[in-house]
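Following: one structure in structure tokens, then a few remarks.
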Amino acid sequence: MLAFITMFVNFRRIRKCQCVQLVTTGLLLCVLMVSWEEIDHHVVSHIRSYTYRYLVNSYDFGSALTVASSKHRGRDGSVMMSYPYLINHPDKCGDRSGESPLKILLLLFVKSSPENIEQRQAIRDTWGNESFARSELGANIRMLFALGVHPDVRRGAAIQRALLQEDQVYGDLIQQDFMDTFHNLTTKLILQFHWGQQYCPQAQFFMSADDDIFIHLPNLVNYLHTQSGARDVWVGHVHKGAPPVRHKKSKYHVPAVLYPWPSYPDYTAGSGYVVSADVAAKIYQATLALNSSMYIDDVFMGICAHFVGVSPQDHVFFAGEGKAPYHPCIYGRMITSHGHTTDVRFLWQVAIDPTVNYSSRGFVDSLYCTAVRVMLLCWPHYQNTYPCMAAFS
């Protein structure tokens, strides 16, 4: 009898444990089913992407993304622009008479939206100031804003009149007749490379940047001087093994029918990157051969570069999507920082003030700045700007 009671108690205990296991398993499965799309987006797609990028690493763009060359050229063989210019300055890179090409260190294109008047003015007054670069840095740069047409029909006419007035004063807007929207960013990228090859091919370097970044122009010019004469230069904040976003609600959603591969080629963040003149010419040729339906411009840049055999080079002080910490020890090394709209003038005053630059004050200050950068850059909340290794470079 005692043995029967013991077996019954054990049986009830086993049944109870099994019920708990079943309920727990069911809850886990429900959570997994509800959140699978997010898990697939953030975990599975990245594992698949990295596996493809570092094991297979084969992108056959030849048949899927190339287009017939006849679509890009007229009967006389000249390149046909997809969209006509509404505002243009073909003599921007010439001398004062507009007859002879000048020796240009950098052709800097800033991607701007038509309504961002204040941001453009702040850039003109600070890091986009050509006169400052020439007089204080001894560098001949040309800065232009790349624009499309405002997409709002009701406001479009008034904004276009304001753009024409703005350009009459500053002469630095380049605008083509396409809608200035997120899905036309690749069109804006093509505008920049086509304009550069047609009107300013003598520039030693070409840079594309957003209008909400800050560029430490003295540091950038110093860096470009160290790269003088170099070829195959494409430098910025590099994304490696990034997967296409298949999440339909995402702004960056790219369907498989548009891009079937599980990984993008390596590319630099579109917020700001630099290429040498030979790379700019190669990218221009790639834009003539490739279908531009990929509307994420920095990814399209990566596709073009892969197509012509150019690889990006990572620079720890080119920022990605984040904003750099405010500190003099950061300012002394930074080249770009993303997410600046209201503080550009403040940062510029800091950048050109020699009293806040600790980079050349001796061993003790160098050690101090290294320690500060470790504290600022090696914590997770700042890893989206400069990597931890930037603290030691």
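Please give me the summed charge of the neighbours of Ile330: other residues whose Cβ is under 12 Å from its Cβ, Lys and Arg +1, Asp and Glu -1.
Details: positive: Lys323, Arg333, Arg373; negative: none.
Neighbourhood net charge equals +3.
Can you give the relative contact order of region 126-219 as a percent, counting alpha carbon pairs under 8 Å and 6+ residues apart? Please report the intermediate quantities before stating the final value.
Values: 64 pairs, mean separation 29.0, N = 94.
Value for region 126-219: 31 percent.
Determine the order of Asp172, Asp177 by accessible area, beginning with the largest, at a probe radius of 1.4 Å. Could the numbers behind the result be given before it?
Numbers: Asp172 10, Asp177 75 Å².
Most to least solvent-accessible, the answer reads Asp177, Asp172.
Excluding Tyr273 itself, calculate the net charge of residues whose Cβ lies under 13 Å from the Cβ of Tyr273, where each Lys or Arg counts +1 and each Asp or Glu counts -1. Kindly include the intermediate steps, with their values, before the conclusion.
On the way: positive: Lys111; negative: Asp210, Asp266, Asp297, Asp298, Asp314.
Once all neighbours under 13 Å are counted, the net charge is -4.
The values are calculated or read from the model by the stated rules, or taken from the named source; none is laboratory data. Since the structure is predicted, the reported quantities are computational estimates derived from the model, not experimental observations. So basically every Cβ, Gly included, is an ideal-geometry build from the backbone, and we count neighbours across all protein chains shown. Accessible surface areas use protein heavy atoms only, side chains included; no ligands, DNA or RNA. Shrake-Rupley method; radii C 1.70, N 1.55, O 1.52, S 1.80 Å.
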